[in-house]
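Trainee: Sharing a structure with you now.
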Number of protein chains: 2
Amino acid sequence: MDYIFSDKISSLQPSAIREILKASSVPGMIALAAGNPAPDSFPIDAIKEISQDIFENHPIEALQYGVTEGYPALIKRVTDWLHTSKKIGKDTDSVIITSGAQQVMDLTTKVLCNEGDVVIAETPSFIGSLNCFRAYNVKLRGVSLEDDGINIEELEKALKEEPKAKFIYVIPNFQNPSGITMSVEKRKAVYNLACKYNKIILEDNPYGDTRVAGEDLPSIKSFDEEGRVIYAGTFSKVMAPGIRVGYVLGPSAVVAKMTVGKQTSDVHTPMFNQMLVEKWMANYDIDEHIAKIKDCYRERLNFLCKRIDEELGGIVKYVRPEGGLFVWCDLPENIDMIEFCNNAIKRNVAVVPGTAFVVNDDDKFNAIRLNFTTPTIEAMDKGLKILGEVAAEMNKR
Amino acid sequence: MDYIFSDKISSLQPSAIREILKASSVPGMIALAAGNPAPDSFPIDAIKEISQDIFENHPIEALQYGVTEGYPALIKRVTDWLHTSKKIGKDTDSVIITSGAQQVMDLTTKVLCNEGDVVIAETPSFIGSLNCFRAYNVKLRGVSLEDDGINIEELEKALKEEPKAKFIYVIPNFQNPSGITMSVEKRKAVYNLACKYNKIILEDNPYGDTRVAGEDLPSIKSFDEEGRVIYAGTFSKVMAPGIRVGYVLGPSAVVAKMTVGKQTSDVHTPMFNQMLVEKWMANYDIDEHIAKIKDCYRERLNFLCKRIDEELGGIVKYVRPEGGLFVWCDLPENIDMIEFCNNAIKRNVAVVPGTAFVVNDDDKFNAIRLNFTTPTIEAMDKGLKILGEVAAEMNKR
């Protein structure tokens, strides 16, 4: 039969970018295009011990249905941890556990947006979130990024021009893909604009605990007096992504609706996975583990930047990120991004072209995103050498 | 601030039924309202062994990001198992792994339905699926059930009257909540009507492997020559529900879109959980395990029916199910369902009122749903004695 699909799913078209991403998983490819945390950052020994304990002592609880909100002990632990280590969360806020932070984007859009509503986002931004918003048939309005975060004047213009905007989506720490960190002043300004225009903010902070330079900045949620900020977090980068455990801290009324929305999506996040995280938080030193991840990531980031400087120094421009997983490099006008990516793939190096992260249809990014947590140091070394050669060849013409 | 929620989430209102369900989780309550598989059916020893093996020998694979489609070895195993044991799946079909079967309902609606489209469903039907459809702002059209399944004339009338119907949702085996099994003739008739009116069928089969009497019947998917049937399955009832591993077998073009939809929902189902199921299927005797579950469920179902006959024999009517988790009892006119449920709760017995499963706004069910897999035999015994007393008192008036 001929299948007719919904408008929302039809809007998510496969594209040239997907082909490049697909190519990046070919064996032998140097995966600078990936976005995986470094596997040596996973607390494998702890997980092994905890899982034995769970199946030995609490098998029924780990295997039976749970409530949609999440494993109560984990909710409490996350709530307390956000309160003490991040200074966020009031009596009027609630936490629920989600199937990765991706589900927070999904549930936020589900409960706040009708079709035709608008979501305002930094451009470029994380493709997974953008496609999630698009899958609800909302219109995206992009606001450009400066070296210290979102352009505030442009944001206010967007808020004025988009009365149907339901929320502002931002990644304040080491933004994906740009690597940019929003300054404290801009965090406050974004919050104040949300108050002025009566909007909600979706603050996505997957990378916050991977800071390798500079000082931690207060989250936008920490300024939230009016119950306008939904804060999305995840254990993907501090523990392991394959377990798919994230969380949301938001105004209780909104989180209650998200719970209703989650029930119809996947009933609840797997119990074993939630118990694993809870027992890890309870019985192991997370701060020590995070410090180890930071050491590992600092070394890798420094190495990547050194190699960019050596091989692409006169050619690309980048803002050195203070954490996260990515470095975003602007290419000069005479080097076409797609051609560059294709040339790199031919020589077994995969990088993501900037177009993958476009919000507005007319955004132009002549840039590439490089990841420093998936490939080995040796692979990065070799990969950058090849990128340098590709750029030099293209730059000559 | 005052929150304004989306129309779709606002349509899912809390109700009197939820209060009854909430009351059913109070400690000391006899939980005939629940829908949990029996915990003694979980293969705990196997799961313990497998999890040790996974974290010992394949920790990175279990903890790193996976692809949206699912763990390739599990996809292959499920595909083969459906092919050999259920005789379903063609070259033009594909399987992906989902976060429980609930996600199959979600993804099917996501890829097929625009707002205002129609889903045709048996009435009564599973509240989790109905609310999932409602969360996409689709209109539900209910078709009544007879003792051998959906009313075929009524289904054709609905298909004629609802040109915007996108799919027909059915649970052919031991339907939730009615316990009814659709006859082979009706399965063929439903398929033929789908062909005649050019519709898709969503065949939900969570309970198929819990048959305790009678003979297995071919699924609707087994008749699918035209690529019209999406088949949803789960490991919740044969292995454990808390792991949240389900799957869909459907036309490849539809499943490809579901994959795109899943990527924006939760990226992928947790890797450890998928590997657990895969290794269980590979190294343990599933058929033997299923046979054990059937023995356990047969004993419980027989006991519940015996006690219904003894305590409510002259009062309620029911069709004895051949599997599943539930028995659906019609109350006489003079006993009001909600009053009955409230009276039972006052005496610490929780049952679900039939209204919870209503599809059309004007459907009237004066009935209750009883579960026989969650409470112990002793609790069922005591629970039915109390229900008998409640019914006798109400019947007198």
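Trainee: Take B:E333, project a point 7 Å from its Cα along the Cβ direction, then tell me which residues of segment B:355-397 have their backbone nitrogen under 12 Å from it.
Mentor: Nothing falls inside the zone, counting backbone N under 12 Å.
Trainee: Once you wrap a convex hull around the alpha carbon atoms of segment B:280-397, what is its projected area averaged over all directions, in nm²? Could you put the intermediate results ahead of the total?
Mentor: On the way: hull surface 35.9 nm².
For the Cα atoms of segment B:280-397, the hull's average projected area reads 9.0 nm².
Trainee: Evaluate peptide B:128-136: per residue, the Cβ atoms of other protein chains within 10 Å of its Cβ; return the mean as an integer. Spell out each step's value before the answer.
Mentor: Numbers: counts 3, 1, 1, 4, 4, 1, 1, 7, 5.
Partner-chain Cβ atoms within 10 Å, mean over residues of B:128-136: 3.
Trainee: In addition: Relative contact order for segment A:174-317 using alpha-carbon pairs under 8 Å, separation at least 6, rounded to a whole percent?
Mentor: Numbers: 113 pairs, mean separation 28.4, N = 144.
Answer for segment A:174-317 is 20 percent.
Trainee: Per residue of B:105-116, how many C-beta atoms from partner chains lie within 10 Å of its own C-beta, taken as a mean?
Mentor: Details: counts 2, 4, 2, 0, 2, 7, 8, 5, 5, 9, 6, 0.
Mean shielding count: 4.
Trainee: Could I ask something else about it? Tell me, what does the Kirkwood hydrodynamic radius of the protein assembly as shown come to in angstroms if you use every pair of distinct C-alpha atoms? Working shown, then result.
Mentor: On the way: mean 1/r = 0.0363 Å⁻¹.
Value: 27.6 Å, from the Cα pair sum.
Trainee: First measure r as the distance between the Cβ atoms of B:E153 and A:D216, then evaluate 1/(1 + (r/R0)^6) with R0 = 56 Å and state the FRET efficiency to the nearest 0.05.
Mentor: 0.25
Trainee: Please tell me which of these pairs span more than 25 angstrom C-alpha to C-alpha: B:K87/B:K317; A:K22/B:K262; B:K22/B:K382; A:K139/A:K199; A:K22/A:K237? Intermediate results must be reported in sequence, preceding the final value.
Mentor: Numbers: B:K87/B:K317 35 Å; A:K22/B:K262 17 Å; B:K22/B:K382 21 Å; A:K139/A:K199 16 Å; A:K22/A:K237 23 Å.
Table pairs above 25 Å Cα-Cα are B:K87/B:K317.
Trainee: Whole-Å semi-axes of segment B:138-255's equivalent ellipsoid, largest first, each the root of 5 times a Cα gyration tensor eigenvalue? Working shown, then result.
Mentor: On the way: eigenvalues 106, 61, 36 Å².
Three semi-axes, in Å: 23, 17, 14.
Trainee: For n ≥ 4 DSSP H runs only, could you compute -39500 (n - 2.57) per run for the protein assembly as shown, divide by its residues and tell me the 222 nm figure to the nearest 500? Mind dumping the intermediate values first?
Mentor: Values: 28 runs with 346 residues, N = 794.
Taking each H run of at least 4 residues, the total per residue is -13500 deg cm²/dmol.
Trainee: What percent do you get for the relative contact order of segment B:66-283 when only Cα pairs under 8 Å and 6+ apart count?
Mentor: On the way: 390 pairs, mean separation 65.1, N = 218.
Result for segment B:66-283 is 30 percent.
Trainee: Additional query: Which residue, chosen from A:G242, A:V254, A:S265, occupies the Cα position most advanced towards the positive end of the dipole of segment A:226-287, where the dipole is computed from +1 (Lys, Arg) and -1 (Asp, Glu) charges on Cβ about the Cα centre?
Mentor: Farthest towards the positive end: A:S265.
Trainee: Using the number of other C-beta atoms within 10 angstrom as an exposure proxy, rank B:S125, B:S24, A:S183 with the fewest first.
Mentor: Details: B:S125 25, B:S24 22, A:S183 16.
The fewest-first ordering by Cβ neighbours comes to A:S183, B:S24, B:S125.
Trainee: So, by mean Cβ neighbours within 10 angstrom, what's the order for A:161-167, A:114-120 with the highest one leading?
Mentor: Working: A:161-167: 16.7, A:114-120: 20.3.
Descending packing order for the listed peptides: A:114-120, A:161-167.
Trainee: Taking only the alpha-carbon atoms of segment B:66-283, what semi-axes of the equivalent ellipsoid follow from 5 times the gyration tensor eigenvalues under a square root, in whole Å, largest first? Working shown, then result.
Mentor: Working: eigenvalues 137, 77, 49 Å².
Result for segment B:66-283: semi-axes of 26, 20, 16 Å.
Trainee: Compute the signed sum of charges (Lys and Arg +1, Asp and Glu -1) over the other residues within less than 9 Å, Cβ to Cβ, of B:L12. Present the calculation step by step, with values, prior to reporting the outcome.
Mentor: Values: positive: A:K257, B:K8, B:R134; negative: none.
Here the count lands on +3.
Trainee: Then there is this: Where in segment B:146-175 does the amide nitrogen come within less than 13 Å of the point 7 Å from the Cα of B:K196, taken along Cα to Cβ?
Mentor: Of the residues in segment B:146-175, B:152-161 have backbone N under 13 Å from the label point off B:K196.
Trainee: Can you give the local net charge around A:M182? Use residues other than it whose beta-carbon is closer than 11 angstrom to its beta-carbon, Lys and Arg +1, Asp and Glu -1. Walk me through the intermediate numbers first.
Mentor: Values: positive: A:K186, A:R187, A:K188; negative: A:E122, A:E146, A:D147, A:D148, A:E185, A:E203.
Summing Lys and Arg as +1 and Asp and Glu as -1 gives -3.
Trainee: Sticking with this one: Within 10 Å of each Cβ of A:54-64, how many other protein chain Cβ atoms are there on average?
Mentor: Values: counts 3, 8, 2, 0, 0, 9, 6, 2, 7, 13, 9.
What the average comes to for A:54-64 is 5.
Trainee: Right, next: Using only the alpha carbons of chain A, determine the length spanned along each of the three principal axes and report them from longest to shortest in whole angstroms.
Mentor: 63, 57, 52
Trainee: With charges set only on the Cβ (+1 for Lys and Arg, -1 for Asp and Glu), what does the dipole of the protein assembly as shown come to about its Cα centre, in debye to the nearest 20? Don't skip to the end; give the middle numbers.
Mentor: Values: 92 positive and 112 negative charges, 128 e Å.
Using Cβ point charges on Lys, Arg, Asp and Glu, the protein assembly as shown gives about 620 debye.
Trainee: Percent relative contact order of chain A, based on C-alpha pairs within less than 8 angstrom and at least six residues apart? Intermediate results must be reported in sequence, preceding the final value.
Mentor: Values: 727 pairs, mean separation 103.6, N = 397.
The normalised contact order for chain A reaches 26 percent.
Trainee: Given points 7 Å out from each Cα along the Cα-Cβ axis, report the A:E299 to A:E389 separation in nanometres with one decimal.
Mentor: According to this spin-label approximation, the distance is 2.8 nm.
Trainee: For segment B:200-216, take each phi angle, set θ = phi - 60°, evaluate the Karplus expression 6.51 cos²θ - 1.76 cosθ + 1.60, and give the result in whole Hz per residue in order, putting x for glycine and proline.
Mentor: 9, 10, 9, 9, 9, 10, x, 10, x, 8, 10, 5, 10, 8, x, 10, 4
Trainee: By how many nm would the segment from B:A73 to B:T376 grow when fully extended, if each residue of separation counts as 0.36 nm and the alpha-carbon distance is taken off? Walk me through the intermediate numbers first.
Mentor: Values: separation 303, 0.36 × 303 = 109.08 nm, distance 3.70 nm.
Taking 0.36 nm per residue and subtracting the Cα distance, the gain is 105.4 nm.
Trainee: Now, a different point. Roughly how big is chain A's charge dipole about its Cα centre, with Cβ charges of +1 (Lys, Arg) and -1 (Asp, Glu), in debye to the nearest 20? Don't skip to the end; give the middle numbers.
Mentor: Details: 46 positive and 56 negative charges, 81 e Å.
That gives chain A a dipole magnitude of about 380 debye.
Trainee: What ranking of A:T92, A:T108 emerges when the number of other C-beta atoms within 10 Å of each C-beta is taken as an exposure proxy, fewest first?
Mentor: With the sparsest Cβ surroundings first, the list reads A:T92, A:T108.
Trainee: Once the other residues with Cβ under 11 Å from the Cβ of B:K262 are scored (Lys, Arg +1; Asp, Glu -1), what is the net sum? Could the numbers behind the result be given before it?
Mentor: Details: positive: B:K110, B:K257; negative: A:D106, A:D266, B:E69, B:D106, B:D266.
Combined, the nearby Lys, Arg, Asp and Glu give -3.
Trainee: Residue separation times 0.36 nm, minus the C-alpha to C-alpha distance between B:S25 and B:D287: what's the value? Intermediate results must be reported in sequence, preceding the final value.
Mentor: Details: separation 262, 0.36 × 262 = 94.32 nm, distance 3.29 nm.
The span from B:S25 to B:D287 would gain 91.0 nm if fully extended.
Read-outs throughout are calculated quantities, based only on the coordinates presented, and are distinct from any laboratory measurement. Everything numeric here is computed off the predicted structure, so don't read it as measured data. Counting neighbours? That spans all protein chains shown, and the Cβs are built from the backbone with ideal geometry, glycine included.
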